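To start, the structure under review is shown below, and the notes come after it.
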Amino acid sequence: MDFLNALVALSNFVLVPAIAYGSQLALGALGVTLIYGILRFSNFAHGDTMAFGAMIAVLVTWGLQAAGIGFGPLPTALLALPFAILGCIVLVLITDRLVYRFYREQKAKPVILVIVSMGVMFIMNGLVRFIIGPDDQRFSDGARFLISARDFKTLTGLDEGLAIRTSQAITVVVAVVAVALLFWFLNKTRTGKSMRAYSDNEDLALLSGINPERVVMITWILVAALATTAGVLYGLDKSFKPFVYFQLLLPIFASAIVGGLGNPIGAIAGGFIIAFSEVTITYAWKKVLTYLAPESLEPSGLVQLLSTDYKFAVSFVILLIVLLFKPTGLFKGKAV
Amino acid sequence: MSEPVKNTLLFVLVGGLILLTGFTQSWNAAILILNMGLISAIMAIGVNLQWGFAGLFNVGVMGFVALGGLAVVLISTPVTPGAWSAGGYGIVLALLLGAATVVAAVFVAQKMSKGRMQTLSIIAILIIGFFVYRAIFDPNAAAVEAIDPAIAGNLGGLNLPVLLAWPAGGLLAAGAAWLIGKTALGLRSDYLAIATLGIAEIIIAILKNEDWLARGVKNVYGIPRPAPVVGYEVDLQNDPGFVARAEWFGLDAVTASTLSVKLGYSLLFLIVLLMLLWMAQKALRSPWGRMMRAIRDNEVAAEAMGKDVTRRHLQIFVLGSAICGIAGAMMTTLDGQLTPSAYQPLRFTFLVWVMVIVGGSGNNFGAVLGAFLIWFLWVQVEPIGLWLMNLITAGMPDGSALKAHLIESAAHMRLLTMGLILLIVLRFSPRGLIPEK
């Protein structure tokens, strides 16, 4: 019984949150890695792209709620997601046309593009703050729990409850669908194949008649869709606050680099590695250990390795370790 | 127009903008802009050293600036009575043990032959070391934080003159930069960017959470001023000689005392800026500076000529970060308090980058000019935005939601404007206002 209780507590506080957070990071990291693979620079504006997409979703959700349109037990934000993705696509395509294309034609060094993306980050950040303000916004509705802790306890008769929030379940489902679609697109369709070819060897791809502008455009569309989805899921799970998305930049980059920049499978693996490390290292293990350890060995403290305020440090340290021992990432990424 | 004339005109123009602030708004506001402009200029020189001279992409400026601020607390505030005996020595011991753990792990990684034994030993050293560290650290830190938490709860400082904290801030930042550079330099340029971005966030997290160090989010107040150059307003107002001089200028004693205190800071900052600018110019024109630029322009060729690229990069990375640390110490001195939650990456990292790029990367005078210009805009865009919004919304009916929203949002015009300026300069004048020669 104690073992089961320990397992449930572990799932409740570590596994479920980490899986949800990992899916969000994986979606974010996929966007970063796609831009890196095709456009060959680290996009510092990615966090703010996520914030912009999520902001449109919040606004559309409010509109739908005001019109009395709901999605039953599911959050209305899912209905708003397609609109948000469209809005975000428009924004990144305009940005690409006005800003990035010029440098692409100049064949500017990647680091110049990184600085340019810094400018774009400022503008997107400013836009989001300008439109919706810098404060916390709540937009989740529908049923709060798939299983609440109390139901679980009465159902199983265990002392520990396992709560799964709707947002967590939705995060995982949506992430799986998005990733499946992405991989189907990259591996099976002609356009996806041309994208991978362009990423592997630009000159050869150009020689075989692939239109680079089209590849870039489709990349941006995919990135906008992924970023918006990640942003909305994160917002549903936690809450929508523009500055938090900027801070997500670090774990997202860590995920992409740990997995190997430019490698989509690596981005997903990296997302989960970072998420699980963050959650396990900042979780107070007292409860689980109390169930598992014999009475005489029960821990006296919280057995928390690091306070939650240091969660950035965790992704950072993992990043450093991987960079020091395997600079191209766990799955072979590219190094320009 | 010849090159020097154009550059002088640009500086005169920015000076004129600040003077204009003095005439139209208030002299207090103008000197505030001047003081923060001077500090920003020093940060810009630091970043320019790294980016302009050597092409290193450091986005952790905020972290080094914050370390400078920490140095001010550690050097100039009085020691908390009883804190050292309560737990201070224990904390130091724990930190030393922690450092020893890392050193031991690195030693094993380098000396032992590769294999499963090596991996296991490293993991064992790290885990045992971590738990020993926590076992010693936690009770001691708690003991220090328990001392008078409303006003102290930290170790306090050395009670030395605050001016000493400025070079100390530089040293602290240099030490951190050495550690980061040792690990991240030599990897790809983007990786250095991510690494510095991360370390800056971690430094801020430490400042916010380690209450025994600098009171965390409870902030440290009442940092002593660099007397005798900068006095206290009350003392000046009670000094009959000062009041008489103020009257001669046609100012009342209160205004004159605040202006005088701020100008005292300006004088000190100006001296530091001129010294660093002189040094940076000397460095730029020295064989060392030419070598740096050679490395920046073609690493492979420089390496073929026998230059140790990674070492030189580490050197300039440490130097540039130290300058940012000095600026950070000066800023905390100017504020008179350390508020860790005030450190925002957009304001302290990316804004400095805008300054360097707009001013002209690779040119020290450009960086200084950019710093003053961008800081002036950063301060003034908000009132201008508000004025603009009021103009736009003048025709709308009072009480309309859109009008209220637009006027409220004017405060966020800053980021938008800075982004636009950066992109426009990068596009149409990528070498900046005063380009590199």
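The values are calculated or read from the model by the stated rules, or taken from the named source; none is laboratory data. Since the model is a prediction, treat every value here as computed from it, not as a measurement. Every residue, glycine as well, gets a Cβ built from its backbone with ideal geometry; the counts of neighbours run over all protein chains shown. Ligands, DNA and RNA are stripped out before the accessible areas are found, and what is left, the full protein with its side chains, is counted by its heavy atoms. Shrake-Rupley method; radii C 1.70, N 1.55, O 1.52, S 1.80 Å.
Table: residues versus (1) without any contact (Cβ under 8 Å) to a residue 12 or more places away in the chain; (2) among the hydrophobic types (A, V, I, L, M, F, W, C).
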{"residue": "A:PHE183", "(1), (2)": "no, yes"}
{"residue": "A:ARG190", "(1), (2)": "yes, no"}
{"residue": "A:LYS193", "(1), (2)": "yes, no"}
{"residue": "A:TYR198", "(1), (2)": "no, no"}
{"residue": "A:ALA205", "(1), (2)": "yes, yes"}
{"residue": "A:PRO212", "(1), (2)": "no, no"}
{"residue": "A:THR229", "(1), (2)": "no, no"}
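Just for the range B:387-410: of the residues that are within 12 Å of chain A (Cβ to nearest Cβ) and surrounded by 17 or more Cβ atoms within 10 Å (Cβ to Cβ), which one is nearest to A:ARG129 (Cα to Cα)?
B:SER409
B:TRP278 - would you say it is surrounded by fewer than 14 Cβ atoms within 10 Å (Cβ to Cβ) and either of a type in the set (Ser, Thr, Tyr) or more than 22 Å from B:ARG188 (Cα to Cα) (or both)?
Criteria met by B:TRP278.
What's the number of the condition A:GLY47 fails, among (1) in contact with a Ser or Thr (Cβ under 9 Å, 6 or more places away or on another chain); (2) in a helix (DSSP H, G or I)?
Of (1) in contact with a Ser or Thr (Cβ under 9 Å, 6 or more places away or on another chain); (2) in a helix (DSSP H, G or I), only one is false for A:GLY47: (1).
Out of the residues in the range A:249-265 that are open to solvent by less than 10 Å² (accessible area, probe 1.4 Å) and among the aliphatic types (A, V, I, L, M), state the one that is nearest to A:THR166 (Cα to Cα). Give the derivation first.
Step one: list which residues in the range A:249-265 are open to solvent by less than 10 Å² (accessible area, probe 1.4 Å), which gives A:249-261.
If we keep only those that are among the aliphatic types (A, V, I, L, M) as well, we get A:249-250, A:252, A:254, A:256-258, A:261.
Details: A:LEU249: 25, A:LEU250: 27, A:ILE252: 23, A:ALA254: 27, A:ALA256: 27, A:ILE257: 30, A:VAL258: 29, A:LEU261: 32 Å.
Restricting to residues being open to solvent by less than 10 Å² (accessible area, probe 1.4 Å) and among the aliphatic types (A, V, I, L, M), the top hit is A:ILE252.
So, in the range B:110-134, exactly how many residues are more than 23 Å from A:GLY301 (Cα to Cα) and either in contact (Cβ under 8 Å) with a residue 12 or more places away in the chain or not assigned by TED's automatic domain parsing to the domain that holds B:VAL92 (or both)?
Residues flagged as more than 23 Å from A:GLY301 (Cα to Cα) and either in contact (Cβ under 8 Å) with a residue 12 or more places away in the chain or not assigned by TED's automatic domain parsing to the domain that holds B:VAL92 (or both) within the range B:110-134 amount to 2.
Filter the range A:204-247 down to residues that are crowded, with 21+ Cβ neighbours inside 10 Å and farther than 21 Å from A:ALA180 by Cα, then give me how many there are. Reasoning before the result, please.
Within the range A:204-247, the subset crowded, with 21+ Cβ neighbours inside 10 Å is A:215, A:219-220, A:222-236, A:240, A:242, A:245-246.
Add one more test, that the residue is farther than 21 Å from A:ALA180 by Cα, and what stays is A:235-236, A:240, A:242, A:245-246.
The qualifying residues number 6.
If you check B:GLY241, B:GLY250, which single one turns out to be more than 28 Å from B:LEU74 (Cα to Cα) and not in a helix (DSSP H, G or I)?
Values: B:GLY241 fails: not in a helix (DSSP H, G or I).
Among B:GLY241, B:GLY250, only B:GLY250 is more than 28 Å from B:LEU74 (Cα to Cα) and not in a helix (DSSP H, G or I).
Select from the range A:287-307 the residues that are touching a residue at least 24 places away in the same chain (Cβ under 8 Å) and at the interface with chain B (Cβ under 10 Å from one of its Cβ atoms) and write down the one among them that is farthest from A:LEU249 (Cα to Cα).
Filtering first and then ranking leaves A:LEU305.
Can you tell me which residue among A:ASP136, A:ASP159, A:ASP151 is away from chain B (no Cβ under 14 Å), of a type outside the set (A, V, I, L, M), open to solvent by 50 Å² or more (accessible area, probe 1.4 Å) and without any contact (Cβ under 8 Å) to a residue 40 or more places away in the chain?
Among A:ASP136, A:ASP159, A:ASP151, only A:ASP151 is away from chain B (no Cβ under 14 Å), of a type outside the set (A, V, I, L, M), open to solvent by 50 Å² or more (accessible area, probe 1.4 Å) and without any contact (Cβ under 8 Å) to a residue 40 or more places away in the chain.
Please identify the pairs in which a residue from the range B:324-350 that is assigned by TED's automatic domain parsing to the domain that holds B:VAL229 and open to solvent by 10 Å² or more (accessible area, probe 1.4 Å) has its Cβ atom under 9 Å from the Cβ atom of a residue that is among the β-branched types (Val, Ile, Thr) and outside any helix (DSSP H, G or I), counting only partners at least 6 apart or on another chain.
Close Cβ pairs satisfying both conditions: B:ASP335/B:ILE223; B:GLY336/B:ILE223; B:GLN337/B:VAL220; B:GLN337/B:ILE223; B:THR339/B:VAL220.
For the range B:213-227, what are the residues that are of a type in the set (D, E, K, R) and either part of a loop (DSSP other than H, G, I, E, B) or not assigned by TED's automatic domain parsing to the domain that holds B:ALA165 (or both)?
Those that are of a type in the set (D, E, K, R) and either part of a loop (DSSP other than H, G, I, E, B) or not assigned by TED's automatic domain parsing to the domain that holds B:ALA165 (or both): B:ARG215, B:ARG225.
Given the residues B:GLY46, B:GLY63, which is the only one that is part of a helix (DSSP H, G or I), away from chain A (no Cβ under 14 Å) and either surrounded by 20 or more Cβ atoms within 10 Å (Cβ to Cβ) or touching a residue at least 40 places away in the same chain (Cβ under 8 Å) (or both)?
None of the other options fit; the residue is B:GLY46.
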